[in-house]
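Please read the structure below before turning to the comments.
The values are calculated or read from the model by the stated rules, or taken from the named source; none is laboratory data. This one's a predicted model, so the numbers in the text were calculated from it and none came from an experiment. Glycine gets a Cβ as well: all are built from the backbone with ideal geometry, and neighbour counts include every protein chain shown. These accessible areas exclude ligands, DNA and RNA; they are computed on the full protein's heavy atoms, side chains included. Shrake-Rupley method; radii C 1.70, N 1.55, O 1.52, S 1.80 Å.
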Amino acid sequence: MNVYRQALWVGIDMNLAMRIYHAHTNYNLRIKQAKLLGVIISENLKFKEHVDQVLRTCNQRLYLLKKLWAQGLLSHQLNTVCVAIIISRLTYAISSWGGFCTVADANRIDSFLRRLVKYGYSCSNTAFNTYLKLADQKLFRKMGAVEQHCLNQILPALKAETSTCFQEAK
């Protein structure tokens, strides 16, 4: 079994797990990918595995929507369920992985989103890049608005309200 997964299951620190593992083996272990807060990160910062896993989960949930439609759920109710169980999964932590997606991965996600509209489960035909842009804008607004935000310290200092070179002469 994977040492990283064992460390996650047991709940111990990854560095401690690696030191224990290396104490009992004579070779170096290179981790090809890691799952951090639900996002699968590969060693080359490609998120193909993450996109594969997200689309696999969303396709399973699409089957659930199909069963709800067969039970007679109305289209606006299907849209609400779709947003709750599929769109929320697609957009979870999108600011951290969406910018690293390849064009092929973005096209696969767009194809899935178009299928949602085609089947009548979603009312909005929103593209993947639009979701990514909205999430980035929301994150940036929160960073600037909340002084205690953890990413606020990397922002440049605010400029003064009026510039000195455009002030009227007295």
- prompt: Which number in (1) modelled with pLDDT of 90 or more; (2) charged (D, E, K, R); (3) open to solvent by 100 Å² or more (accessible area, probe 1.4 Å) marks the one condition that ASP110 misses?
  reply: (3)
query: Among the residues of region 121-136 satisfying the criterion of being modelled with pLDDT of 90 or more and of a type outside the set (Ser, Thr, Tyr), which is least open to solvent (accessible area, probe 1.4 Å)?
result: PHE128
query: When you look at TYR92, is it modelled with pLDDT of 90 or more and part of a helix (DSSP H, G or I), yes or no?
result: no
query: Just for region 39-55: of the residues that are open to solvent by 50 Å² or more (accessible area, probe 1.4 Å) and either part of a helix (DSSP H, G or I) or of a type in the set (Asp, Glu) (or both), which one is farthest from ASP105 (Cα to Cα)?
result: GLU43
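One line per residue, one yes/no per condition, for (1) more than 30 Å from LEU151 (Cα to Cα); (2) touching a strand residue (DSSP E or B) at 6+ places or on another chain (Cβ under 6 Å); (3) surrounded by fewer than 16 Cβ atoms within 10 Å (Cβ to Cβ):
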position: THR57; (1), (2), (3): yes, no, yes
position: GLN60; (1), (2), (3): yes, no, yes
position: TRP69; (1), (2), (3): yes, no, no
position: ILE86; (1), (2), (3): no, no, no
position: ILE94; (1), (2), (3): no, no, no
position: GLY99; (1), (2), (3): no, no, yes
position: VAL103; (1), (2), (3): no, no, yes
position: ARG115; (1), (2), (3): yes, no, yes
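Within region 71-84, take every residue that is of a type in the set (A, V, I, L, M, F, W, C) and not in a helix (DSSP H, G or I) and give me the one that is surrounded by the fewest Cβ atoms within 10 Å (Cβ to Cβ). Talk me through it step by step, then tell me what you get.
Of the residues in region 71-84, the ones of a type in the set (A, V, I, L, M, F, W, C) are 73-74, 78, 81-84.
Checking which are not in a helix (DSSP H, G or I) leaves us with 73-74.
Details: LEU73: 16, LEU74: 9.
For region 71-84, the residue satisfying everything is LEU74.
Of everything in region 138-152 that's more than 12 Å from ILE94 (Cα to Cα) and not in a loop (DSSP other than H, G, I, E, B), which residue is most open to solvent (accessible area, probe 1.4 Å)? Talk me through it step by step, then tell me what you get.
First, pick out the residues of region 138-152 that are more than 12 Å from ILE94 (Cα to Cα): 140-152.
From the residues that got through so far, the ones that are not in a loop (DSSP other than H, G, I, E, B) too are 140-145, 152.
Values: PHE140: 126, ARG141: 149, LYS142: 103, MET143: 18, GLY144: 53, ALA145: 83, ASN152: 36 Å².
Checked region 138-152; the qualifying residue most open to solvent (accessible area, probe 1.4 Å) is ARG141.
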message: With the structure loaded, tell me whether LYS32 is open to solvent by 50 Å² or more (accessible area, probe 1.4 Å) and in contact with a Phe, Trp or Tyr (Cβ under 9 Å, 6 or more places away or on another chain) or whether it fails that test.
response: no
